[in-house]
Amino acid sequence: MNIMDFNVKKLAADAGTFLSRAVQFTEEKLGQAEKTELDAHLENLLSKAECTKIWTEKIMKQTEVLLQPNPNARIEEFVYEKLDRKAPSRINNPELLGQYMIDAGTEFGPGTAYGNALIKCGETQKRIGTADRELIQTSALNFLTPLRNFIEGDYKTIAKERKLLQNKRLDLDAAKTRLKKAKAAETRASQLNSARLEGDNIMVNFSYMLNLLHVKWLKIWAEEVTKSEQELRITQSEFDRQAEITRLLLEGISSTHAHHLRCLNDFVEAQMTYYAQCYQYMLDLQKQLGSFPSNYHSNNNQTAVAPVPSASSNVIGSSALTSTSSLVITSPSNLTDLKECGGSRRARVLYDYDAANSTELSLLADEVITVFSVVGMDSDWLMGERGNQKGRVPITYLELLN
């Protein structure tokens, strides 16, 4: 029974406090009550914290979009994070593209120029996919997590203390209003008590009785002065204490900015590493593809080089190499001359080639081998010889020498 009475009393007290705050807030909005203004420094800190929260949320969300453009994947990752479970690993777009290229190149044949190029491009795409995965992991750990911790941790604490400060301010202003009313009532009572009544007619006596009742009622307010003054001192103390707590928390925003700056540097460094890796991967791929004959580079350049009828034109000069972006061209007339004369020539290997079977000869880029034609052999192949090793080699991998 005592516990129930205590709960009822506490509920009634809380309801009274809530109603008092609601009345004070409404009167402030209507301009019928005074409002205690926070000091300028605290107001600036509150504005800075709110601005930090808004822009941190925007940067965090857009960074998530940058790292994971697929909205369904972001929702899935969010659900797994809330369930405190690890999201399943999925293949990303560059890795998927790379796998398709490798599969296509394997089916077309690694010994063909197109098939080999597809395989090389696919391997590069898969390396880019791995670098992309590393960028996402590093950025999430070093950049997104600190931003999220601020929004879900530090700022929530600041918002809670800020709301508590607002309630303490409303309590303080309500106490000031009650004290003001109590003092006004006390002054009115003093004026009525000092008033002298003249005459003895019935109206004077009736007026006297009304004034007496009025005075009695006003004295009730007068008795509230001491109580209101004590309440004001308590609410002022609680407000000052809460303002100090809030101020200390808000001053930590500067430290938050410094921490986020370090996180931003980590994010930039992760991006720099990622783009540097991608650039190097593509540069290596370009060099490998640059070793292909020009008629395999672009359909628009197929007619750029005409067959050279004279034997003296078999070797491409340095000026020609420069004009074709350092791409080595094997003239079809050279190959025709070689097949017609039936003799052997020296040839430089343009890039690596792995033999598909025992009838073929594996090649290493930049090595020089001897090649010759064999009657009945496919026009895309020559017979290569390195020491006591012999085997078929694709002509697109060779540059004939004088």
Single residue of GLY98, GLY105 found to be touching a Lys or Arg at 6+ places or on another chain (Cβ under 6 Å), in the same structural domain as LYS287 (by the TED database) and part of a helix (DSSP H, G or I): GLY98
Unmet requirement for TYR80, which otherwise passes all of (1) assigned to a helix (DSSP H, G or I); (2) out of contact with any Cys (no Cβ under 9 Å at 6 or more places or on another chain); (3) surrounded by 15 or more Cβ atoms within 10 Å (Cβ to Cβ): (3)
Selection within the stretch 333-365 - of a type in the set (D, E, K, R) and modelled with pLDDT under 90: ASP337, LYS339, GLU340, ARG345, ASP352, ASP354
Test result for LEU164, hydrophobic (A, V, I, L, M, F, W, C), touching a residue at least 24 places away in the same chain (Cβ under 8 Å) and surrounded by fewer than 19 Cβ atoms within 10 Å (Cβ to Cβ): yes
Close pairs (9 angstrom Cβ cut-off, 6 or more residues apart or separate chains): over 24 Å from ILE136 (Cα atoms) in the stretch 42-64, among the small types (Gly, Ala, Ser) anywhere: LEU42/ALA243; LYS48/SER254; ALA49/ALA159
Matching residues, the stretch 31-73, being open to solvent by 70 Å² or more (accessible area, probe 1.4 Å), closer than 21 Å to LEU172 by Cβ and assigned to a loop (DSSP other than H, G, I, E, B): GLN32, GLU34, LYS35, GLU37, ASP39
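The values are calculated or read from the model by the stated rules, or taken from the named source; none is laboratory data. Not measured: the values here are computed from a predicted model. Neighbour counts are summed over all protein chains in view; Cβ atoms, including those assigned to glycine, are modelled from backbone coordinates with ideal geometry. Note: accessible area is taken over every heavy atom of the protein model, side chains too, but ligands, DNA and RNA are not part of it. Shrake-Rupley method; radii C 1.70, N 1.55, O 1.52, S 1.80 Å.
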